[in-house]
Structures are given as structure tokens and as C-alpha cells.
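These notes are about the structure you will find just below.
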Amino acid sequence: MTLLFGRTQDAYGTPFDPTDPNAVAANFSSNTVQAAIIEARNEAPGQASRYNLFFGFDGSAGTTRWLEQSKSIPSNTSPFVVPEKSIVRTLTISNENNVTATMTLFRNGVAVASVSTSAARIGVVSGLNIALNVGDTLSARSTSGTFAKPAFNIGIQVTP
């Protein structure tokens, strides 16, 4: 692939207007357009796919309580395994009551980020840039206060 002034060769060289006689003459077809769309999607900065990882607990989660991905399996003993190179971008926490508490994300058993509530039901942290590699493990634990039925979401962006 050749970059041409920040645009890829296929995407730059493929006309997208099928009503333009020059576009039709330049082989405007589903094959050339599809290749350009795929290339632009794969190469566009900031357009990587995202997914959310969820940890929760159906009860009172006090300090040192590990959250779960599935019922009754704490994330410290059965953590989420990162399937592809990615970056943690956001953390959110919600729970049943207005509380002051902190939930912490662990990568490979080491605390890397936290989100807190302050006499509230929700907390949000954004603008994170925590690199994850294939095979890293993620788990979550309440590290201060007591949450009631917490739902902890981790926003993850896949990187090329």
C-alpha cells in the first residue's frame, strides 16, 4: 500500500460517484470500491473497533471483593484474557445506592486504574491510555467503600 498525502492508494484512486462519466471510465465497480472501503476502514486513524468488558456482583461488594464475569467465579481466579492488542479507554461504575467507594482495574494482577463514586450511584473515568497485549489478564476489585450490586464496565479499543 502506498500513502499519497495521508490517503491510501486504493482509497485515493477509487472514484465514488457512479454518475460521473470519468468515474465509470476509471472502472468504478463493486470490487474497486469495496477494496477502497476496506482499506480506508483499516487505515483510518481513530476508527479501530471497540468493545466493552463487564464485571459485576449480585450483592454487597465491600473492600477486597473481586467482581465476576460469570456468576460465582471471581475475576482474580478466572480473569478476562485479552484476545488482541488493545487499549483501555474508559471505566464506568454503577450500583444500586448512593455510595462513596472505589473500583480498581487490575492488569496481570497489578492495579492500573480506578473509578470512584462520591455519594453517587455512578462514576466515570475517560481519556485512559492503558496498553493491553495479547494474553494479558484483567480483573476488578472493590478497593474502598461498599458497592451494592456493582456493574463495572471497561471500554476497550482494539489497536492495529
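The values are calculated or read from the model by the stated rules, or taken from the named source; none is laboratory data. All figures in this text were calculated on a predicted structure; none of them were measured in a lab. Methodologically, a virtual Cβ is constructed for each residue, glycine included, from the backbone with ideal geometry; neighbour enumeration extends over all protein chains shown.
Would a scan of region 98-107 turn up a residue that is farther than 18 Å from A151 by Cβ and either at pLDDT below 95 or loosely packed, with under 12 Cβ neighbours inside 10 Å (or both)? No, region 98-107 contains no residue that is farther than 18 Å from A151 by Cβ and either at pLDDT below 95 or loosely packed, with under 12 Cβ neighbours inside 10 Å (or both). Among residues of region 87-97 being at pLDDT 95 or above and touching a Ser or Thr at 6+ places or on another chain (Cβ under 8 Å), the one that is farthest from Y51 (Cα to Cα) is I93.
Residues in region 108-147 that are in contact with a Lys or Arg (Cβ under 9 Å, 6 or more places away or on another chain), hydrophobic (A, V, I, L, M, F, W, C) and surrounded by fewer than 19 Cβ atoms within 10 Å (Cβ to Cβ): A111, A113, L128, I130, A131, V134. What's the total number of residues in region 44-83 that are loosely packed, with under 13 Cβ neighbours inside 10 Å, in contact (Cβ under 8 Å) with a residue 60 or more places away in the chain, not in a strand (DSSP E or B) and not hydroxyl-bearing (S, T, Y)? Going through region 44-83 one residue at a time, the tally reaches 3.
Only residues that are in a strand (DSSP E or B), more than 11 Å from A101 (Cβ to Cβ) and without any contact (Cβ under 8 Å) to a residue 60 or more places away in the chain were counted in region 117-160, giving 7.
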